[in-house]
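One structure is given below, encoded as structure tokens.
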There are 2 protein chains.
Amino acid sequence: MAVVVQKYGGSSLKTVDKIKKVAETVIKRKDKGDSVVVVVSAMGDTTDELICLAKQISNNPDKRELDALVSTGEMISSSLLAMAIKNMGYDAVSYTAYQLGIKTSGQFGKSLIDDIDGVKLRESLIEGKIVIIAGFQGINEDGDITTLGRGGSDTTAVAIAVRLGGVCEIYTDVDGIYSVDPRNYKNAKKLDEIDYEEMLELASLGAQVMHSRSIELGQKYNIPIYVGLSNSDIPGTIIKEVTNMNMESKPVTGIATSDDDVAVTLGEISNRINILATLFERIASKKINIDMISQTAPVNDKVNISFTIPKEEVGECMEILKDFVSADKISIDDDLTKFSVVGIGMKNTSGVTATVFKLFDENNIQVKMITTSEIRITCGIKREDKMKAIEIVAEKFAL
Amino acid sequence: MAVVVQKYGGSSLKTVDKIKKVAETVIKRKDKGDSVVVVVSAMGDTTDELICLAKQISNNPDKRELDALVSTGEMISSSLLAMAIKNMGYDAVSYTAYQLGIKTSGQFGKSLIDDIDGVKLRESLIEGKIVIIAGFQGINEDGDITTLGRGGSDTTAVAIAVRLGGVCEIYTDVDGIYSVDPRNYKNAKKLDEIDYEEMLELASLGAQVMHSRSIELGQKYNIPIYVGLSNSDIPGTIIKEVTNMNMESKPVTGIATSDDDVAVTLGEISNRINILATLFERIASKKINIDMISQTAPVNDKVNISFTIPKEEVGECMEILKDFVSADKISIDDDLTKFSVVGIGMKNTSGVTATVFKLFDENNIQVKMITTSEIRITCGIKREDKMKAIEIVAEKFAL
């Protein structure tokens with residue numbers, strides 16, 4: 001008897017009729033003889049609606065109370081789904097994080113799962129029940145309700161699969177992982193499988209299909225994660241460890257783009273490593289995510305330094321920067337697309353960077369900034385060049 | 001430093017603006033130097049909306065899941081109120097039944113509070129926090145979320161006041177307890193105080209101001225309960241033990257009416273006490289509330305027996321009755337108003353029953369059934385006679 005952990009997103013649970021459809025799908029799986037655990041997101045836009053209520057109370061709502069508030073969305077959908085399954089004659093039970101002992105630590109709104117007490121979960125499965133779990137939520141050591149961050153139900157699902165030693169299936173409104181976002185490139189191909197590393201690079205780079213922490217967790221415990229449509233014969237994508245890199249495997253698996261960042265350039269800053277260290281430390285302490293740092297060669301012991309930050313954190317970042325350079329030496333470039341080429345095959349295949357740069361040069365695409373990892377190249381380009389860049393790179397690598 | 005437990009109903013929390021108003025009122029009380037605990041109902045019609053969702057899933061939604069579902073309404077309002085108070089610069093914290101250890105037993109949807117673990121509550125008050133509690137909910141010994149029944153937040157509030165040894169204030173959309181429902185009798189007078197017993201009779205008889213279990217609890221532990229408008233100078237009513245019955249005290253305190261029951265009559269049932277006992281036992285086991293039992297004198301060892309039950313339980317009751325008598329011997333009278341005259345002074349004053357019957361006779365009001373307690377007379381009358389009955393009795397006893 002295998003244990004299957006299925007996760008259904010908000011769009012699959014948007015209405016009562018959709019909840020009934022999910023109940024039918026879950027029951028079909030149960031009828032195959034598997035033990036079924038279902039992790040649910042909140043119905044449709046419930047989370048946004050709850051956040052909207054909080055924002056009407058306060059521009060900066062208390063974080064403990066905000067987590068307590070938004071966690072109710074998943075409680076509603078989990079009990080409705082359990083009701084629907086029971087109404088179809090199958091035994092089911094819904095659990096909150098409290099009831100299941102999903103222990104978290106870290107900040108409200110982005111807490112981390114430390115542990116899950118599997119006892120109640122296993123007991124219910126042994127009793128033949130279909131277990132429905134409110135995703136996205138946990139309980140910290142003070143007994144406060146916490147949430148895992150947007151998309152956190154994915155992480156709940158993988159964590160439950162880890163605890164039970166089962167497989168994990170994420171049902172969403174896309175039919176799998178594509179090499180390129182199909183909204184940007186109509187010839188994009190769906191991948192049958194993708195390595196955790198590649199998916200992580202894609203997830204953190206703006207391919208909004210999955211909560212990236214769920215993939216890290218899957219990778220750590222080697223839990224295969226299926227991503228696809230529910231109630232559909234269209235096969236999705238399996239995220240797993242891809243080891244059989246044969247000769248024909250492609251160096252590039254996918255392209256991800258993001259328009260959510262701006263480039264900040266500081267002019268003529270003193271080239272002392274301790275000043276830069278203090279600057280980045282200050283920024284990091286505010287949990288502002290810096291990416292794509294580049295620096296010019298020093299002139300008169302002064303350098304120019306550029307880095308990207310998320311758009312919405314410009315204000316907070318500026319406050320810190322003013323302690324280091326005068327305002328007229330700070331420039332913000334918000335005409336920026338982060339364009340990333342990802343592929344585990346890049347570990348073995350040289351020349352991908354050269355190919356990409358040659359393509360960009362031939363097509364007059366200016367590269368503003370560059371960062372690379374073992375399996376990724378990211379270029380900062382002008383937003384107007386985005387679609388062209390996607391097209392030429394996708395064609396070149398047959399994505 | 002006194003401990004004050006305030007309860008705000010759904011109409012006081014209907015919108016974000018109303019929640020902010022409640023926050024201001026609570027803070028004013030805190031500023032007086034009291035320790036303040038606030039028990040909240042769900043915002044406006046939230047509970048009904050959640051029940052409506054459940055009914056779309058199933059005509060008979062699973063009771064455990066229904067409780068888990070509807071309990072979210074109070075979690076939402078409690079976290080929003082805590083946010084609002086914190087936003088005004090005062091420390092506050094919201095707690096669910098789980099977090100506070102509100103232990104219940106009995107059936108879902110009408111569970112009873114067994115105990116409250118006061119430790120977390122007291123700690124938070126000592127830290128100077130305003131504590132906001134999600135009313136209406138509890139946790140049973142299996143760790144399931146339960147609810148206390150409609151209006152159960154009143155009972156949560158009184159139970160918390162009992163646990164903390166404080167006073168209890170119920171803020172609602174009426175400005176106090178009236179001798180007669182002002183919607184039915186425009187000259188109705190508001191009472192400054194009312195005895196627990198009288199209030200219990202009125203509450204259980206259709207004066208929908210308070211959850212009757214909250215009054216029982218207040219009586220048991222002698223906790224005075226104030227009922228009135230929030231944020232208003234209009235004085236409300238105090239429910240407490242009224243001992244000073246002086247000569248001028250009135251025999252009748254109030255009138256309550258209810259149109260929610262039907263009279264069931266069983267014809268020619270065998271007059272054996274064991275058959276009746278079995279019948280009523282079967283009905284009681286389904287938690288159907290029987291009231292106003294009357295029986296005719298036996299003819300040929302057969303009797304007619306009538307009793308009232310809540311309208312919505314007719315279907316379930318009929319199933320049981322069919323095991324005892326044939327369907328043609330069962331008749332249902334749904335043209336029924338239960339008309340009750342209540343007064344702790346009736347213990348000392350005879351003749352109230354006679355006065356009421358005389359009034360009814362003079363006004364051609366037919367009495368179908370009668371029951372009495374030490375401080376109450378209830379008559380089953382035709383619905384068309386209700387308003388006239390209220391008027392003549394209220395005038396007679398100067399209510």
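The values are calculated or read from the model by the stated rules, or taken from the named source; none is laboratory data. Since we're looking at a predicted model, the values are computed, not measured. So basically every Cβ, Gly included, is an ideal-geometry build from the backbone, and we count neighbours across all protein chains shown.
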ask   = With A:121, A:81, A:148, A:69 as the choices, which residue is under 18 Å from residue B:145 (Cα atoms) and away from chain B (no Cβ under 12 Å)?
value = A:121
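Being in contact with a Phe, Trp or Tyr (Cβ under 7 Å, 6 or more places away or on another chain) and over 14 Å from residue A:7 (Cα atoms) is the filter; apply it to the stretch A:137-156 and report the residue that is surrounded by the most Cβ atoms within 10 Å (Cβ to Cβ).
My answer is A:146.
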remark   = Counting only residues in the stretch B:10-58 that are within 14 Å of chain A (Cβ to nearest Cβ) and not in a helix (DSSP H, G or I), the one farthest from residue A:55 (Cα to Cα) is identified as B:58
message = Checking the structure you have, find out if any residue of the stretch B:281-289 is under 25 Å from residue B:153 (Cβ atoms), in contact (Cβ under 8 Å) with a residue 60 or more places away in the chain and of a type outside the set (Ser, Thr, Tyr).
response = yes
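Among the residues of the stretch A:1-17, which ones are under 20 Å from residue A:209 (Cα atoms) and among the small types (Gly, Ala, Ser)?
Scanning the stretch A:1-17 gives A:9, A:10, A:11, A:12.
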inquiry  = Among the residues of the stretch B:350-362, are any free of Cβ contacts under 8 Å to residues at least 60 places away in the same chain, within 21 Å of residue B:189 (Cβ to Cβ) and of a type in the set (Ser, Thr, Tyr)?
reply    = yes
inquiry  = From the list B:386, B:338, exactly one residue is at pLDDT 90 or above, among the charged types (D, E, K, R) and part of a strand (DSSP E or B). Which is it?
reply    = B:338
query = Can you tell me which residues in the stretch B:331-387 are of a type in the set (Asp, Glu) and in contact with an Asp or Glu (Cβ under 9 Å, 6 or more places away or on another chain)?
reply = B:334, B:335, B:374, B:384
query = Counting just the residues of the stretch B:226-237 that are buried (at least 17 other Cβ atoms within 10 Å of the Cβ) and out of contact with any Leu (no Cβ under 6 Å at 6 or more places or on another chain), which one comes out modelled with the lowest pLDDT?
reply = B:230
ask   = residue B:192: within 14 Å of chain A (Cβ to nearest Cβ) and more than 16 Å from residue B:7 (Cα to Cα), yes or no?
value = no
ask   = When you go through (1) more than 22 Å from the chain's Cα centre (by Cα); (2) among the small types (Gly, Ala, Ser); (3) crowded, with 23+ Cβ neighbours inside 10 Å one by one for residue B:41, which number turns out not to apply?
value = (1)
task = Scan the stretch A:276-290 and give yes if some residue there is among the hydroxyl-bearing types (Ser, Thr, Tyr), out of contact with any Phe, Trp or Tyr (no Cβ under 8 Å at 6 or more places or on another chain) and not in a helix (DSSP H, G or I), otherwise no.
result = no
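Could you check, for the stretch B:238-248, whether at least one of its residues is crowded, with 21+ Cβ neighbours inside 10 Å, over 16 Å from the mean Cα position of the chain (by Cα) and modelled with pLDDT under 90?
Applying the first criterion (crowded, with 21+ Cβ neighbours inside 10 Å) to the stretch B:238-248 yields B:239.
Narrowing further to those that are over 16 Å from the mean Cα position of the chain (by Cα): none.
Looking through the stretch B:238-248, none of the residues is crowded, with 21+ Cβ neighbours inside 10 Å, over 16 Å from the mean Cα position of the chain (by Cα) and modelled with pLDDT under 90.
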request  = Given the conditions (1) in contact with an Asp or Glu (Cβ under 9 Å, 6 or more places away or on another chain); (2) at pLDDT below 80; (3) β-branched (Val, Ile, Thr), report the number of the one that residue B:273 does not fulfil.
outcome  = (1)
Checking residue B:357 against (1) at pLDDT 90 or above; (2) part of a helix (DSSP H, G or I); (3) surrounded by 15 or more Cβ atoms within 10 Å (Cβ to Cβ), the condition it does not meet = (1)
request  = Quick one: which helices (runs of 4 or more DSSP H) lie wholly within the stretch A:142-225 and hold at least 1 residues that are at pLDDT 90 or above and outside the structural domain of residue A:66 (by TED's automatic domain parsing)?
outcome  = A:196-204, A:212-221
request  = Determine whether residue B:7 is away from chain A (no Cβ under 12 Å) and either at pLDDT below 95 or buried (at least 24 other Cβ atoms within 10 Å of the Cβ) (or both).
outcome  = yes
task = Being of a type outside the set (A, V, I, L, M, F, W, C) and touching a strand residue (DSSP E or B) at 6+ places or on another chain (Cβ under 8 Å) is the filter here, so list the residues in the stretch A:111-132 that pass it.
result = A:111, A:114, A:115, A:117, A:120, A:124, A:129
ask   = Which of the following residues is within 14 Å of chain A (Cβ to nearest Cβ), surrounded by 22 or more Cβ atoms within 10 Å (Cβ to Cβ) and in a helix (DSSP H, G or I): B:132, B:76?
value = B:76
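To keep it simple, each residue is scored yes or no on (1) within 12 Å of another protein chain (Cβ to nearest Cβ); (2) within 19 Å of the chain's Cα centre (by Cα); (3) basic (Lys, Arg); (4) under 16 Å from residue A:75 (Cα atoms).
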position	(1), (2), (3), (4)
A:106	no, yes, no, no
A:126	no, no, no, no
A:138	no, yes, no, yes
A:143	yes, no, no, no
A:157	no, yes, no, yes
request  = Output the residues belonging to the stretch A:109-129 that are in a loop (DSSP other than H, G, I, E, B) and at pLDDT 95 or above.
outcome  = A:127, A:128, A:129
